[in-house]
Amino acid sequence: MTIANSIRTIGVIGAGQMGNGIAHVAALAGYDVLLNDLETDRIDGALDIIRHNMTRQVGRGMITHEAMEEALPRIKKTPKLGSFEAADIAIESVIEVEEFKRKIYADLRETLRPDALLATNTSSISITRLAATTDRPDKFIGVHFMNPVPLMKLVELIRGLATSQETYETSLTFVSSLGKTIANAEDFPAFIVNRVLIPMINEAVYTLYEGVGSVEAIDKAMRLGANHPMGPLELADFIGLDTCLSIMQVLNEGLADTKYRPCPLLVKYVEAGWLGQKTQRGFYDYRGETPMPTR
C-alpha cells in the first residue's frame with residue numbers, strides 16, 4: 001500500500017472498539033500510530049486486542065506473520081495528548097457525546113501542529129458544528145469507519161462547510177492507502193449508512209415492542225427473508241444499544257420527523273445498562289455458552 005504523501009504519523013484518540021481498529025489498519029498500512037485514551041489500562045487492552053485480531057488474520061491468510069510483526073511495534077502507547085506533536089492527522093474516536101469530543105478538541109489546541117489535520121470518527125454528529133469548536137475548521141473532516149474496522153471495506157468521508165479541498169484530498173489519499181473504499185456523504189444527521197441502518201434497527205425494536213414477533217423470529221426473518229448476514233437485534237447488540245439510541249436521538253433532533261422517534265423499549269434497555277455484547281446483556285444474554293434472547 002502507498003502511504004499518503006503528507007501523512008506519516010497518525011494520532012488515534014480513543015482505544016475502544018473503533019479506535020483500536022483504526023490503529024490496527026493504519027499500522028498494517030505502514031503508518032506510525034500514537035494510541036491515546038483517558039484510561040491507560042484501556043490502551044493496554046487495545047494493544048492486546050490488536051495483537052489477537054492480527055493473529056487471527058494471519059491464521060486466515062489475510063496478512064503474513066511478517067506484516068504483523070512489522071505493524072505491531074508501529075503502535076505506540078500514548079497516554080498524554082501532549083505527545084501528539086508528531087501527529088500529521090489526529091482521529092478522534094470516542095463515544096457519541098458531543099461535549100466529550102469538544103473537550104478533546106480544546107485539549108488538542110496546544111498540541112497539534114498548525115498544519116496537522118483533525119478528523120472525527122463520529123457516526124452521526126454534524127461535522128460543521130464540531131469543526132466550529134476547533135482552532136482549524138478548514139483542516140477538520142469526518143472520517144467514519146465501519147465496525148469492525150479491520151474487516152469492513154467502507155469509509156464515509158464527510159466535509160463540513162469549512163473543510164478545505166486540500167484537507168479532503170489529503171484525507172482521501174490517506175483513507176485509500178488503508179485499502180478502504182470511500183463513499184462521500186453530505187453533512188446531514190447520521191450521513192448515509194446510519195441514516196438507513198439505525199432506523200431499520202429501531203423499527204425492529206418497535207416490532208418486538210408491539211409483539212409482532214419475538215427476538216428470534218425478527219432476526220430469523222431478516223436473515224432468511226432479506227438475506228441480511230445478521231438479524232437487526234443481534235446487530236444492535238453488536239453495535240451497542242447506547243450507540244443506536246444516540247444516533248436515533250441525533251436523527252430525531254436534527255430532522256424533526258416523528259419517524260425517527262427512538263422506540264421506548266430501546267430507551268428502557270439503555271437505562272437498564274443492557275447495552276449489548278459489551279455489557280453481556282442486550283436483546284440477547286451473552287453470559288452463557290450460547291446467546292439467549294432476553295425477551
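We did not get these values from a lab; they are worked out from the coordinates using the rules stated. Small disclaimer: the values here were computed from a predicted structure and weren't measured. So basically every Cβ, Gly included, is an ideal-geometry build from the backbone, and we count neighbours across all protein chains shown.
Restricting attention to the stretch 114-140, the residues that are more than 26 Å from Ala71 (Cα to Cα) and in contact with a Ser or Thr (Cβ under 8 Å, 6 or more places away or on another chain) total 9. Among the criteria (1) over 25 Å from Gly16 (Cα atoms); (2) touching a helix residue (DSSP H, G or I) at 6+ places or on another chain (Cβ under 9 Å); (3) surrounded by fewer than 17 Cβ atoms within 10 Å (Cβ to Cβ), the one Ala204 does not fulfil is (3). Here is the figure for the stretch 144-180: residues that are basic (Lys, Arg) and closer than 14 Å to Ala26 by Cα total 2. In this structure, does Ile63 turn out to be over 19 Å from Arg8 (Cβ atoms) and buried (at least 16 other Cβ atoms within 10 Å of the Cβ)? Yes; evaluated as a whole, the condition is true for this residue. Among the criteria (1) outside any loop (DSSP other than H, G, I, E, B); (2) over 18 Å from the mean Cα position of the chain (by Cα); (3) within 22 Å of Gly14 (Cα to Cα), the one Ile141 does not fulfil is (2). Does Asn36 satisfy the criteria of being over 28 Å from Ser6 (Cβ atoms), touching a residue at least 40 places away in the same chain (Cβ under 8 Å) and under 20 Å from the mean Cα position of the chain (by Cα)? Judged against the criteria, Asn36 is not a match.
When the stretch 80-124 is limited to residues that are in contact with a Leu (Cβ under 8 Å, 6 or more places away or on another chain) and part of a loop (DSSP other than H, G, I, E, B), the one that is farthest from Thr170 (Cα to Cα) turns out to be Ser124. The helices (runs of 4 or more DSSP H) located wholly in the stretch 145-254 that include 3 or more residues which are under 22 Å from the mean Cα position of the chain (by Cα) occupy 165-177, 193-209, 232-239.
State the number of residues belonging to the stretch 64-112 that are closer than 16 Å to Ile22 by Cα and among the basic types (Lys, Arg).
Qualifying residue count for the region: 3.
Can you find a residue that is under 23 Å from Phe188 (Cβ atoms), more than 24 Å from the chain's Cα centre (by Cα) and not in a helix (DSSP H, G or I) anywhere in the stretch 273-294? No, the stretch 273-294 contains no residue that is under 23 Å from Phe188 (Cβ atoms), more than 24 Å from the chain's Cα centre (by Cα) and not in a helix (DSSP H, G or I). Consider the stretch 255-271 and keep the residues that are assigned to a helix (DSSP H, G or I) and in contact with a Cys (Cβ under 9 Å, 6 or more places away or on another chain). The one that is nearest to Arg281 (Cα to Cα) is Val270.
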